[in-house]
Amino acid sequence: MKQARWQLWFALALVVLSAGLYAAHFAIFRDAHHVFIYLLGDIAFVPVEVLLVTLILHQLLTRREKRQLLQKMNMVIGAFFTEVGQDLISQLNRFVDEPAGLAERLAGAGEWSAKDFATARRELGNLLGEIDISRGELSAVKGLLLEKRQALLRLLENPNLLEHDAFTDLLWALTHLTEELAHRRDLESLPESDLDHLAGDIRRAYGLLLSEWLDYIKHLKDNYPYLFSLAVRTNPFDPSASAVVTN
């Protein structure tokens, strides 16, 4: 309220100042003709000025701010995959029924074009297949998520992620999976109905995780070749992946 009142008084002061200067011009030169010529010329330029400021300059500044925000978000996403994402992909991939199709498809991401990345994102639903709890280790997933719980919560608090709905959805899905597992002390004697429930939570989180991983890998390929090289050499879908450069 105070800010609005201050702005109103400031606007009135500017109008009074402008009127005073025009009055001084008339008092000195006694030439109303020129006063109205310049007044009308200034008013006529206002629409052009609005066009330049609000449409062109504003759009340029907005685009620049959005580019900077995306860069910050991708830095945060990169930290997530370094801290949690890579290990989590390796753990969750064990639950995928017949994971070879998924692994074989994503193992070659290092050689993909932009079109290949887009195609892979569309195919994720079919590639992921069904989640079979018996294939993986729930205790290992639980341990990893509980260990990284604070890191996930800190990411949710990051204001830069407010503009990235997909990554925020991933963090919420992982947080939910963490809480589900944390509330189960004995993971070895769960009934079939509960295992099906957990399978649904895992599938949701893993699908979002893979989608973000593909976007992240593409971002590295387009902008940071040296980081992309390391990501390719540590691809969690490539069983022979190694950070050691051999050629």
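The values are calculated or read from the model by the stated rules, or taken from the named source; none is laboratory data. If you're wondering where the values come from, they're calculated on a predicted model, not measured in any experiment. So basically every Cβ, Gly included, is an ideal-geometry build from the backbone, and we count neighbours across all protein chains shown.
Overview of values
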quantity	calculated
ASP222 being loosely packed, with under 13 Cβ neighbours inside 10 Å, assigned by TED's automatic domain parsing to the domain that holds ALA120, in a helix (DSSP H, G or I) and not hydroxyl-bearing (Ser, Thr, Tyr)	yes
Some residue of segment 153-170 being in contact (Cβ under 8 Å) with a residue 12 or more places away in the chain and of a type in the set (Lys, Arg)	no
Qualifying residue in segment 206-213 (condition: among the charged types (D, E, K, R), touching a residue at least 12 places away in the same chain (Cβ under 8 Å), assigned by TED's automatic domain parsing to the domain that holds GLN86 and crowded, with 16+ Cβ neighbours inside 10 Å)	yes
Members of segment 121-144 found to be more than 24 Å from ALA243 (Cα to Cα), under 24 Å from the mean Cα position of the chain (by Cα) and aliphatic (A, V, I, L, M), listed by number	LEU124, LEU127, LEU128
Options ARG94, ARG63; residue that is part of a helix (DSSP H, G or I), at pLDDT 70 or above, surrounded by fewer than 11 Cβ atoms within 10 Å (Cβ to Cβ) and basic (Lys, Arg)	ARG63
Meets criteria (assigned by TED's automatic domain parsing to the domain that holds LEU210, touching a strand residue (DSSP E or B) at 6+ places or on another chain (Cβ under 8 Å) and within 21 Å of ALA241 (Cβ to Cβ)) for LEU102	yes
Members of segment 177-200 found to be assigned to a helix (DSSP H, G or I), surrounded by 10 or more Cβ atoms within 10 Å (Cβ to Cβ) and not small (Gly, Ala, Ser), listed by number	LEU177, THR178, GLU179, GLU180, LEU181, ASP194, LEU195, ASP196, HIS197, LEU198
Verdict on TYR216 being over 16 Å from the mean Cα position of the chain (by Cα), of a type outside the set (A, V, I, L, M), modelled with pLDDT of 85 or more and part of a helix (DSSP H, G or I)	no
